[in-house]
1. What is the residue count in region 144-159 for residues that are among the hydrophobic types (A, V, I, L, M, F, W, C) and either surrounded by fewer than 24 Cβ atoms within 10 Å (Cβ to Cβ) or at pLDDT below 95 (or both)?
2. Take region 32-60 and flag every residue that is touching a Leu at 6+ places or on another chain (Cβ under 8 Å), in a helix (DSSP H, G or I) and over 16 Å from Gln234 (Cβ atoms).
3. Report yes if some residue within region 217-225 is aliphatic (A, V, I, L, M) and closer than 30 Å to Asp15 by Cα; otherwise report no.
4. Starting from region 246-269, keep only residues that are at pLDDT 95 or above, then list their pairs with residues that are of a type in the set (Asp, Glu) whose Cβ atoms are within a distance under 7 Å, requiring at least 6 positions of separation or different chains.
5. Would you check which residues across region 180-197 are among the acidic types (Asp, Glu) and part of a helix (DSSP H, G or I) and list them?
6. Give me the pairs: first residue in region 202-218 and without any contact (Cβ under 8 Å) to a residue 60 or more places away in the chain, second residue of a type in the set (Asp, Glu), beta-carbon distance under 8 Å, and six or more apart or on different chains, which are they?
7. Residues in region 284-294: is at least one touching an Asp or Glu at 6+ places or on another chain (Cβ under 9 Å) and either assigned to a strand (DSSP E or B) or within 17 Å of Glu365 (Cβ to Cβ) (or both)?
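The values are calculated or read from the model by the stated rules, or taken from the named source; none is laboratory data. None of these values were measured; they are calculated from a predicted model. Cβ sites come from the backbone with ideal geometry, for glycine too, and all protein chains shown count toward neighbours.
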Amino acid sequence: MTTYLDMNATSPVLDEVADLVREIFLEEYGNAGSRTHEFGASAKKAVEKARKQVADVVDADKSEVIFTSGATESNNIAILGLKEFGEANNKKHIITTRIEHKAVLEPIEHLEKNGFTVSYLEVDESGAIKPEELKKTLQEDTLLVSIMHVNNETGSIQSVKNICDVLELHEAYLHIDAAQSFGKLSDDLKNDRVDLISASGHKVYAPKGIGALIMRKRGFLKPPLKPIMFGGGQEKGLRPGTLAVPLIAGFGLACEIAQKNAAAWQKHAQKLKNELVRALNTLDAQYNGENTSPFVLNFSVPNINSEAAMVVLKGIAAVSNGSACTSSSYTPSHVLTAMQLDEKRIAGAIRVSWGHMTESLPISEIIEKLEQLKL
């Protein structure tokens, strides 16, 4: 039986979450916007409970949570939603990195085509930005700094604290794409200097199609976002459309479970990672990224191509060689390229990612198959 080791792409839904989602789909199916009967009231109650469960992960207030279809939509609202404010206040400079997800890079590119200027922070083999470079890059008209917390390909963790310290006396809005860390490595996200946080349900054992944008207030002022879609006025006018109550409730429960179990899940994940690293050391593996999440390992084995590796591992382990969102294209990883790795190392890069429900890794089988490719 194949072991699923592509949790950075998506995760299975927890049994408790699936049960709740099913119950609401079949029994508590009211529209949260219907105010005239108990079905609507019950749906609204489920949404507000979930709003608090999501907010609690990062010590936010539930009023600061906007439900979306996932981190991609949250990223788009956070970035494109600041366009009008930036233009009105002559703040049209954005700072980001070369290793962001396309769901951040492409909205920023759209703003760049519409008169904004963008500074891209570089990274080295560690996959981390240098806080001093961020400080040098800040300008008086910097509107937004958008930096991913945990990289989806390498698992490299950016220091949110260092970023917040640099921005302490600057008015720029800080957006963190936390798709890979929300509910797993959430402590850094509790920093009040983080204005906007994007989260995705299907990365934390909730259904696909649900996520959130957390918009922290500065004092009593919320970030000046404008909607990028129109019609209905739901979610404080920022995200119109009938709320997906079953998915929202499932996401909320998943967040509550994740928050309660975060330390144990991290400990188990790190144990699996240590075992895999010890085995891969026998193949002289190179590890892509430093200070990485316990839930992922990106590695290259000299003289082994990742496409060939995925073929021989079929039936043993479901792994990846990059972001699921760009897997249809065979261009070299923009993340590993930005980290200045050589072409062979990039071509050989394999991403293995797991979750708390991964009891063990098929290490001996993986090593055996990779050894065959080295011959």
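1. Residues meeting the conditions: 2.
2. Residues of region 32-60 that are touching a Leu at 6+ places or on another chain (Cβ under 8 Å), as a first pass: 32-33, 43, 47, 50, 53, 57-58.
Next, only the ones that are in a helix (DSSP H, G or I) stay: 43, 47, 50, 53.
Within region 32-60, Gln53 is the sole residue that qualifies.
3. no
4. What qualifies is Leu253/Glu16; Ile257/Glu16; Gln259/Asp56.
5. Asp187, Asp188
6. Arg218/Asp195
7. no
A quick yes/no check of all residues on (1) of a type in the set (Val, Ile, Thr); (2) touching a residue at least 12 places away in the same chain (Cβ under 8 Å):
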position: Tyr4; (1), (2): no, yes
position: Leu20; (1), (2): no, yes
position: Ile24; (1), (2): yes, yes
position: Glu27; (1), (2): no, no
